[in-house]
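Below is one structure, written out as structure tokens; comments come after it.
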């Protein structure tokens, strides 16, 4: 996130790049579809949640998306559901 005045601005290009780089092929495939289907419609709060999710270890993120692990933060639930639907 970059600061612009008093408001934080999320760099969509950097976030899109980060979302397309994973050690797990499964995440790469999933995020490719997610980016194509949903990324341009995400609002700032969803982009902030996506940034938090991308900071997780790939295996932890994959386990949450697969439903094997609970989301650590309730704010993540909506975006994890979007990822599952991708």
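Values in this text are rule-based calculations from the coordinates and carry no lab data. The structure presented is a predicted model; accordingly, all values stated were derived computationally and were not measured. Heads up, the Cβs are rebuilt from the backbone with ideal geometry, glycines too, and the neighbour counts pull from every protein chain shown.
What number, rounded to the nearest 500 deg cm²/dmol, is the helix-based mean residue ellipticity at 222 nm of the chain, given -39500 (n - 2.57) per DSSP H run of at least four residues and division by all its residues?
Values: 5 runs with 50 residues, N = 86.
The helix contribution divided over the chain gives -17000 deg cm²/dmol.
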Could you sort 65-73, 29-37 so that the peptide with the highest average Cβ count within 10 Å comes first and the rest follow in order? 29-37, 65-73
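I need to check one value: relative contact order of the chain, counting alpha carbon pairs closer than 8 Å and at least 6 residues apart, in percent. All intermediate terms of the calculation are to be shown ahead of the outcome.
Values: 59 pairs, mean separation 23.7, N = 86.
Relative contact order here is 28 percent.
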